[in-house]
Each structure stands twice: as structure tokens, then as C-alpha cells.
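Accompanying notes for the structure given below.
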Amino acid sequence: MGLFLSSYENRLDTKGRISVPAAFRSSLINENFAGVVLYRSFTHNCIEGLSMSRMEKIANATDKMGVFDNDLDDLSALLFADARPLLFDVTGRIVIPEELLKHANIKDTALFVGRGNSFQIWNPDDFSKTQQASMTNLRKARPSLKIAE
């Protein structure tokens, strides 16, 4: 699986279709499922997006939780019950369900934001504010990453 990098702004057409950025589609070229999985973010007013294989890894990770775990109930309700597998049409477009668009306050334009192994879809103005807050937080925290070599 390739990485989802950069940000791309696209418009919804009159039928509610939106083109998934070509760079994101090329990151999915080796996937068995020719589309994306979307669900409402529980950390921001945006839409989370990922490949079906990534969703399967998340499902496998939840198998390690206790069968009667309250957190598992919450995760299952959000991640799996809310998830929408959406196939690309011949031009690489999808139709994002209305409840997801409403959650993210997206009306006519959406911003696809790469997040490495996943991506998010935002209202462009909302993301700009969130990105500015993230920059402020990172400048204060100055986190460091340990990269295995």
C-alpha cells in the first residue's frame, strides 16, 4: 500500500460525485478493493478515509480486545457500523453519503488531506483553522520521531 501524501481540493458535482485525487488512487493501485472506505471521524469534524486492507488491519487489531469490552463496543459502532465502502467509478469519482458530508460540514468543496496510511476529507476552511492550531501546538511541543533504520 502506498502512502497518502499532500492535500487536494476538489468540488462536488451536481450529482454529489467527487473525484478522489489521482495521487490517492495511485496509492491504492495494488488493492483488491477498487475504492475507499470512509467513516465519520471521532476526533474532528471531518471524514476519515482508508483502504479496505487498512480497515482489515484495524479489524484484526480489535480482535485483541476483550469480547465484552466497552471500548470495543464503541469502536465497532463507529468504525464498522458507520464505515462506507465506496467503489470508484470509471473516472475515479465516489459519492460521499450525505450523513458524512453533514458531519464534516462539506457543501460544495472538499479538501483531501494525506495522513500517511490514511487520509481525511475536510471542509477547506475548517481544515485551515485546525492546521494552524496544529502548527502552534507542534511549535510548543517540538516532538521528535525515532525512525528505525
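No value in this document is a laboratory result; all are computed from the given coordinates. Note that the structure is predicted; figures quoted are calculated from it, not measured. With ideal geometry, Cβ positions are generated from the backbone for all residues, glycine too; neighbour counts draw on all protein chains shown.
Distance distribution P(r), the stretch 1-72, all Cα-Cα pairs, bin width 5 angstrom from 0: 3, 13, 17, 22, 20, 11, 7, 5, 1, 0 percent. Taking amide hydrogens as placed 1.01 Å from N in the peptide plane, the amide H of THR109 sits under 5 Å from those of LEU12, each at least 5 positions away in sequence or on another chain.
Derived scalar couplings between HN and Hα for the stretch 26-38 equal 5, 5, 9, 4, 8, 7, 6, 8, 8, x, 10, 10, 10 Hz in order, rounded to whole Hz, by the Karplus curve 6.51 cos²θ - 1.76 cosθ + 1.60 (θ = phi - 60°), x for Gly and Pro.
For GLU99 and MET135, the FRET efficiency from 1/(1 + (r/R0)^6), where r spans their Cβ atoms and R0 equals 30 Å, is about 0.45.
Once both labels are positioned 7 Å from their Cα atoms along Cα-to-Cβ, the gap between SER6 and THR91 label points is 2.1 nm. For the stretch 57-143, the calculated P(r) over all alpha carbon pairs, in 10 Å bins from 0 to the bin holding the longest distance, is 13, 32, 33, 21, 1 percent.
Could you work out the helix-only [θ] at 222 nm for the chain, with each DSSP H run of four or more residues adding -39,500 (n - 2.57) and the total divided by the number of residues, to the nearest 500 deg cm²/dmol? Helix-only estimate at 222 nm: -9000 deg cm²/dmol.
Computed over the alpha carbons of the chain, Rg followed by Dmax gives 16.2, 48 Å. Residue by residue, the stretch 114-122 carries 3J(HN,Hα) couplings of x, 9, x, 7, 8, 8, 10, 10, 10 Hz when phi is fed to the Karplus relation 6.51 cos²θ - 1.76 cosθ + 1.60 (θ = phi - 60°); x denotes Gly or Pro. Measuring r between the beta carbons of ALA148 and LEU72 and using R0 = 22 Å, the FRET efficiency lands at 0.15.
Look at the alpha carbon pairs under 8 Å that are at least 6 residues apart: their mean separation over the length of the chain gives a relative contact order of 34 percent.
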